[in-house]
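Enquirer: Questions regarding the structure given below will be posed in turn.
The values are calculated or read from the model by the stated rules, or taken from the named source; none is laboratory data. This one's a predicted model, so the numbers in the text were calculated from it and none came from an experiment. A quick note on method: Cβ atoms are made from the backbone with ideal geometry, for glycine too, and the neighbour counts reach across all protein chains shown. Accessible surface is based on the protein model in full, side chains and every heavy atom, while ligands, DNA and RNA are left aside. Shrake-Rupley method; radii C 1.70, N 1.55, O 1.52, S 1.80 Å.
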Amino acid sequence: MKIRFLDRATLCPQTVLREPAFAHELAVYDRTGPAEVAARMADADIVIVNKVRMDRAAIEAAPNLKMVAVAATGTDNVDIAACRERGIVVSNIRNYAVNTVPEHTFALIFALRRSICAYRDAVKAGRWIEADQFCFFDHPIRDLAGSTLGVIGDGVLGQATAAMGRALGMRVLFAGFKGVTGQGSLYTPFEQTLAESDVLTLHCPLMPATRNMIGAPEFALMKKKPLLINTARGGLVDESAIGAALDAGQISGAAFDVVSVEPPPMDHPLMLLASRPNFILTPHVAWASEEAIQTLADQLVDNIEAFVRGEPRNVMGA
């Protein structure tokens, strides 16, 4: 079996990628540019890919390809339809980030709710000395206990984030689908969730129905001036509307770990907000604890070994 890993650098260097337990020839590339994809996978039986785009042309140019092992949960970079037509199995990684993403989410929530970055920067700038007393109160500090956490997305990560919120004494609302009513008592209507939440956190996939699901009209519904946290996917929020919402006081702060273009150019709307005390941008690392990435790498090889045994797992569309 010829295995080609097209973007090993998307996993941290200390992650151990064990050798599959069958006869194989493995070629590992740290990065693969768009013009290199077809050539590097041309003779492959199995391709490992994280974020490199595998389009129909590249797939059709790989006559021996039998499996695409995606080193991530999201598979939007792979032409699933083209693989299905050829009978190529596409497997992804599941439930590996159940600790790291919720922990990162709450790190961002705490940082904003207690103005940690703003106070750190003020101390560095000499404000504590200028205040000439044991403390100063330039930035707001709010408890989480007793506040309302609105969770958009009720999968494994949304549920784990909700559990953390409850442990901190927060009231938790799971938002229903936007524009859909009658989903039952477990869900709060989307617009009501926006209106009642002190913190809104996104844990849903990006699809046509969720693209830009929060924009200027939705910000206008946010009566409690919540924090907005996105550790899910870039594109769920209209990024061009966030600055105006902050300026208008419709939200009290925002923190994003994902952007519609990664890395974002310097003139991207979120990059232009990066110096504000009530905005935090992290570089798509909510998933990236050492423990989570090692779990991912182990599951990746498990998926490949299962496929070779004739027992494919985590198959997209299955």
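Enquirer: In whole angstrom, how long is each semi-axis of the equivalent ellipsoid of the stretch 156-202, when you take the square root of 5 times every eigenvalue of its Cα gyration tensor and sort them from largest down?
Expert: Working: eigenvalues 71, 27, 17 Å².
Semi-axis lengths for the stretch 156-202 are 19, 12, 9 Å.
Enquirer: If you take the C-alpha gyration tensor of the stretch 172-318, multiply each eigenvalue by 5 and take the square root, what semi-axes do you get, largest first, in whole Å? List each step's numbers first, then the result.
Expert: Values: eigenvalues 203, 94, 34 Å².
They are 32, 22, 13 Å, listed from largest to smallest.
Enquirer: Counting only Cα atoms, I'd like the Rg/Rh figure for the stretch 53-162, Kirkwood definition for Rh. Mind dumping the intermediate values first?
Expert: Working: Rg = 23.5 Å, Rh = 18.5 Å.
In the stretch 53-162, Rg relative to Rh is 1.27.
Enquirer: Calculate how large, on average over all directions, the projected area of the Cα convex hull of the stretch 170-232 is; give the answer in nm² to one decimal.
Expert: Average of the hull's projected areas for the stretch 170-232 equals 4.4 nm².
Enquirer: Could you work out the local net charge near residue 256, counting Lys and Arg as +1, Asp and Glu as -1, over the other residues with Cβ closer than 15 Å to its Cβ? Show your work: numbers first, answer last.
Expert: Details: positive: 233, 276; negative: 238, 239, 257, 262.
Net charge around residue 256: -2.
Enquirer: Report the Rg/Rh value for the chain, based on alpha-carbon coordinates and the Kirkwood definition of Rh. If you can, show how the numbers build up before the last one.
Expert: Working: Rg = 22.0 Å, Rh = 21.4 Å.
Answer for the chain: 1.03.
Enquirer: Round to the nearest 10 and report in Å² the accessible area of residue 267, as given by a 1.4 Å probe over the protein chains' heavy atoms.
Expert: Here the residue's solvent-accessible area equals roughly 110 Å².
Enquirer: If you don't mind, another one. Roughly what % of DSSP beta bridges within the stretch 40-162 run antiparallel, to the nearest 5?
Expert: On the way: 0 of 8 bridges.
The antiparallel proportion sits near 0 percent.
Enquirer: I've got another one for you. Quick one: Cα centre-to-centre distance for the stretch 60-92 and the stretch 228-246, in angstrom?
Expert: Measuring centre to centre over Cα atoms gives 31 Å.
Enquirer: So for the chain: antiparallel DSSP bridges make up what percent, rounded to the nearest 5?
Expert: So the antiparallel bridges amount to about 5 percent of the total.
Enquirer: Further question: Taking the square root of 5 times each eigenvalue of the Cα gyration tensor, what semi-axes in Å does the equivalent ellipsoid of the stretch 131-223 have, largest first?
Expert: 29, 16, 12
Enquirer: A further question on this structure: May I ask you to list the chymotrypsin sites (Phe, Trp or Tyr not before Pro) in the stretch 18-123 that are in a DSSP loop and have at most 12 other Cβ atoms within 10 Å of their Cβ?
Expert: Of the chymotrypsin sites (Phe, Trp or Tyr not before Pro), the ones in loops of the stretch 18-123 whose Cβ has at most 12 other Cβ atoms within 10 Å are 22.
Enquirer: Only Lys, Arg, Asp and Glu count, each charged at its Cβ (+1, +1, -1, -1), so figure out the dipole size of the chain about its Cα centre, rounded to 20 debye.
Expert: In total the dipole reaches around 400 debye.
Enquirer: Still on this structure, please answer the following. For the chain, what is the relative contact order in percent, using Cα pairs closer than 8 Å and at least 6 residues apart in sequence?
Expert: 17 percent
Enquirer: Summing +1 for each Lys or Arg and -1 for each Asp or Glu, what net charge is found among the other residues whose Cβ lies under 15 Å from the Cβ of residue 201?
Expert: Around residue 201, the charge tally is -1.
Enquirer: While we're on this one: Accessible area of the stretch 124-262 with a 1.4 Å probe: how many percent of it is carbon plus sulfur?
Expert: Summing carbon and sulfur atoms, their accessible area is 57 percent of the total for the stretch 124-262.
Enquirer: Using a probe radius of 1.4 Å on heavy atoms only, what accessible surface per residue do you get for the chain? Whole Å² is fine.
Expert: Ligands and nucleic acids excluded, the result is 48 Å² per residue.
Enquirer: Top mean-square fluctuation among 112, 11, 227, Gaussian network model of the chain, C-alpha springs under 10 Å?
Expert: Maximum among the listed residues: 11.
Enquirer: Give the lysines reachable from residue 51 as a straight Cα distance under 25 Å; neighbours fewer than 8 places away on the same chain don't count.
Expert: The reachable lysines, counting only those whose Cα sits under 25 Å from residue 51, are 2, 66.
Enquirer: Around residue 234, under 15 Å between beta carbons, what's the net of Lys plus Arg minus Asp minus Glu among the other residues?
Expert: Taking every other residue near residue 234 into account, the sum is -2.
Enquirer: Okay, moving on. How large is the Rg to Rh ratio of the stretch 1-121 when both quantities use alpha carbon positions and Rh follows Kirkwood?
Expert: 1.12
Enquirer: Please list, ordered by chain and number, the residues whose modelled amide H lies under 5 Å from the amide H of residue 200; skip anything fewer than 5 residues away on the same chain.
Expert: Long-range HN contacts for residue 200: 150, 227, 228, 229.
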